[in-house]
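K.L.:
Below are the structure tokens for one structure; questions will follow.
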Protein chains: 2
Amino acid sequence: MAVRPGLTAERLVRAGAELADEVGFEHVTVSELARRFDVKVASLYSHVRNSHDLKTRIALLALDELADRASDAVAGRAGRDALTAFADAYRAYAVEHPGRYTAARFPLDPQTAAASAGPRHARMSRAILRGYDLPEPAETHAVRLLGSVFHGFVSLETAGGFSHSAPPAAETWPWILDALDALLRDAPASHRPIKADPS
Amino acid sequence: MAVRPGLTAERLVRAGAELADEVGFEHVTVSELARRFDVKVASLYSHVRNSHDLKTRIALLALDELADRASDAVAGRAGRDALTAFADAYRAYAVEHPGRYTAARFPLDPQTAAASAGPRHARMSRAILRGYDLPEPAETHAVRLLGSVFHGFVSLETAGGFSHSAPPAAETWPWILDALDALLRDAPASHRPIKADPS
DNA sequence: TGCATCCGCCTAACACTTTTAGGCAAATGA
DNA sequence: TCATTTGCCTAAAAGTGTTAGGCGGATGCA
């Protein structure tokens, strides 16, 4: 009543991201956000089109932050160092910001995805892999392998998938990075294409 | 009015799984399920505790089906054949049943998880890896690597993450399996643990 | 066959989230 | 100072989740 909260799309999105980290992205709700700003729900609809729009914006924020972190981590490094730094940045972000990390996986429509930091992620992967000197299409395959391993590991870890057996996930992570590095160094030699010959 | 629908927890869960494949697991709703059975919403609550319970049961069904498929695929195979069959079964299930596959990732409380087919999956991974003769703890690391790669790839693929660039994901998949096989065969030799020495 | 019980689905009601339409008052700027 | 814009409001409707309690047909027993 006295002072207006001063809502803004940016402030809402930022608060939404924090909310996601606290309660999980799937529980981010327009109502809860309004509650946190001590404002009526309908007021948010002047700044955000709808719930889906809000989630999309949180996703874009997360993708941006993640790309920034990864970019900082990789700067000035190459080869195995770059790979490790990239991977660690990725995993650290997911551990520190599980809600945002989930948000980064929110399905975006093609145009939004193209305008997001998604392509930056892909370019960074490629830049790192350039140090391994893979011929196409192996480099593309490798980009996808890295994406799969990082995302797979991190999402299984944050879902608690590794927490009920020894050794701790923190020990598996460097082992995997080591293995990936070795794999990529030897990839050209070891790559024998699989024939899908039905007869 | 005339004939009772004959609701059952099992029938609800099975219909819920189909619904998940049609509209996505996140859009599976008690109301929609009631609509499909032409029954009032409250009626479902005699058979299922609540929405969370329903989703949990769908998750358990999916985990079971997936384990059955993987088990069938692996039967009678070993080494690289087993690895490929296992991985293909995994990916095929996700492609055919995207909603169920997502359901299989639904977070379960520890007791439910322990009673689920989750442990079966882990045992199958281990059984396959036995063919590669890895020393502990490498075998555990490798179990996690396989889980990460398979889950990561499949979830990125079904999210459309690979659909906007060439070559098609179907070509990357065998490349990755090939790489994993090579990696596991050489793993003992190439494994140089990473020192996390802070001083 | 008749009766009591139980089970399965129902109605009713409440709480919560999402979304739209329209209003009022504070901030802005000429 | 006043007109306009902006920002948050009230009101209301639709959808989902959940609980409480009721009714009638099916079932079991004498």
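The values are calculated or read from the model by the stated rules, or taken from the named source; none is laboratory data. None of the values given here were measured: they were computed from a predicted structure. Glycine also receives a Cβ, built like all others from the backbone with ideal geometry; neighbour counts cover every protein chain displayed. Ligands, DNA and RNA are excluded from the accessible area calculation, which covers all protein heavy atoms including side chains. Shrake-Rupley method; radii C 1.70, N 1.55, O 1.52, S 1.80 Å.
K.L.:
Over the protein assembly as shown, with the other protein chains present, what is the accessible area per residue in square angstrom, probe 1.4 angstrom? Show your work: numbers first, answer last.
P.N.:
Values: 20050 Å² over 398 residues.
Per-residue accessible area for the protein assembly as shown comes out at 50 Å².
K.L.:
Please name which of B:Val23, B:Pro135, B:Trp175 has its Cα lying farthest along the dipole of chain B towards the positive end, using unit charges on Cβ (Lys, Arg +1; Asp, Glu -1) and the Cα centre as origin.
P.N.:
My answer, from the dipole projection, is B:Val23.
K.L.:
Here is a follow-up. Once every DSSP H run of n ≥ 4 in chain B is given -39500 (n - 2.57) and the sum is divided by its residues, what mean residue ellipticity at 222 nm do you get, rounded to the nearest 500 deg cm²/dmol?
P.N.:
The helix contribution divided over chain B gives -22000 deg cm²/dmol.
K.L.:
Whose Cβ in chain A comes nearest the axis that rotates A onto B, and by how many Å?
P.N.:
Its Cβ sits closest to the axis: A:Gly152, 1.
K.L.:
Here is a follow-up. Is the protein assembly as shown rounded, prolate or oblate when judged by the Cα gyration tensor, a ≥ b ≥ c being the square roots of its eigenvalues, rounded requiring a/c under 1.5 and prolate requiring a/b larger than b/c?
P.N.:
Values: a/c = 1.92, a/b = 1.21, b/c = 1.59.
Since a/c reaches 1.5 but b/c is at least a/b, the shape of the protein assembly as shown is classed as oblate.
K.L.:
Which of B:Ala42, B:Ala73, B:Ala127 ends up with the largest GNM mean-square fluctuation for chain B, with Cα atoms connected below 10 Å?
P.N.:
Per the Cα network of chain B with a 10 Å cutoff, B:Ala42 tops the list.
K.L.:
Any idea what angle helix B:9-23 forms with the longest principal axis of chain B, computed on alpha-carbon atoms, 0 to 90 degrees, nearest 10?
P.N.:
70 degrees
K.L.:
Oh, and also: Ignoring ligands and nucleic acids, what accessible area does A:Arg35 show with a 1.4 Å probe (Å², nearest 10)?
P.N.:
150 Å²
K.L.:
Find the relative contact order for region B:59-189 and round it to a whole percent, using C-alpha pairs within less than 8 Å whose residues are 6+ positions apart.
P.N.:
Value for region B:59-189: 29 percent.
K.L.:
Just to confirm my numbers, what's the Cα centroid distance between region A:1-50 and region A:89-168 in Å?
P.N.:
Centre-to-centre (Cα) distance: 28 Å.
K.L.:
Using a Förster distance of 51 angstrom, determine the FRET efficiency expected from the C-beta separation of A:Asp133 and A:Arg49, and round it to 0.05.
P.N.:
Details: r = 46 Å, r/R0 = 0.90.
Once the sixth-power term is evaluated, E becomes 0.65.
K.L.:
Moving to a separate point now. So how exposed is B:Tyr45, as accessible area in Å² (1.4 Å probe, rounded to 10)?
P.N.:
Answer for B:Tyr45: close to 110 Å² accessible.
K.L.:
Charges at C-beta only: +1 for Lys and Arg, -1 for Asp and Glu. How large is the resulting dipole of the protein assembly as shown about its Cα centre, in Debye rounded to 20?
P.N.:
Values: 46 positive and 50 negative charges, 156 e Å.
Around 740 debye, computed over the protein assembly as shown.
K.L.:
Copy-to-copy spacing for A:Ser163, label 7 Å out on the Cα-to-C-beta vector, in nm, shortest first?
P.N.:
A:Ser163 label point versus its equivalents elsewhere: 3.3 nm.
K.L.:
Here is a follow-up. Which distances, shortest first and in nm, link B:Tyr45 to the matching position in the other copies, using label points set 7 Å out along Cα to C-beta?
P.N.:
From this label point to the equivalent ones elsewhere in the assembly: 2.8 nm.
K.L.:
With chain B treated as a Gaussian network of Cα nodes joined by springs under 10 Å, which of B:Ala104, B:Ala20, B:Ala114 yields the largest mean-square fluctuation?
P.N.:
Evaluated over chain B, the most mobile residue of the options is B:Ala114.
K.L.:
Got a number for carbon plus sulfur as a percent of the protein assembly as shown's accessible area, 1.4 Å probe?
P.N.:
Using a 1.4 Å probe with all protein chains present, the protein assembly as shown comes out at 54 percent carbon and sulfur.
K.L.:
Quote the charge dipole size of chain A about the Cα centre in Debye, to the nearest 20; the model charges only the Cβ of Lys and Arg (+1) and of Asp and Glu (-1).
P.N.:
540 debye
K.L.:
Hey, rough spin-label estimate for B:Glu10 and A:Arg35, points 7 angstrom out along Cα→Cβ, what's it come to in nanometres?
P.N.:
Placing both labels 7 Å beyond Cα along the Cβ direction yields 4.0 nm.
K.L.:
Still on this structure: List the accessible area buried at the contact between A and B, summed over both sides and calculated with a 1.4 Å probe, in Å² to the nearest 100.
P.N.:
Summed over both sides, the interface buries about 3300 Å².
K.L.:
From the label point of B:Thr8, set 7 Å from Cα along Cα→Cβ, how far away are the matching label points in the other copies, in nm, ordered shortest to longest?
P.N.:
Label-point distances to the other copies, shortest first: 5.9 nm.
K.L.:
How large is the Kirkwood hydrodynamic radius of chain B, counting all unique pairs of alpha carbons, in Å?
P.N.:
Numbers: mean 1/r = 0.0531 Å⁻¹.
One over the average 1/r among Cα pairs gives 18.8 Å for chain B.
K.L.:
Could you check which residue among B:Asp181, B:Asp53, B:Asp68 shows the biggest mean-square fluctuation in a GNM of chain B with a 10 Å Cα cutoff?
P.N.:
B:Asp53
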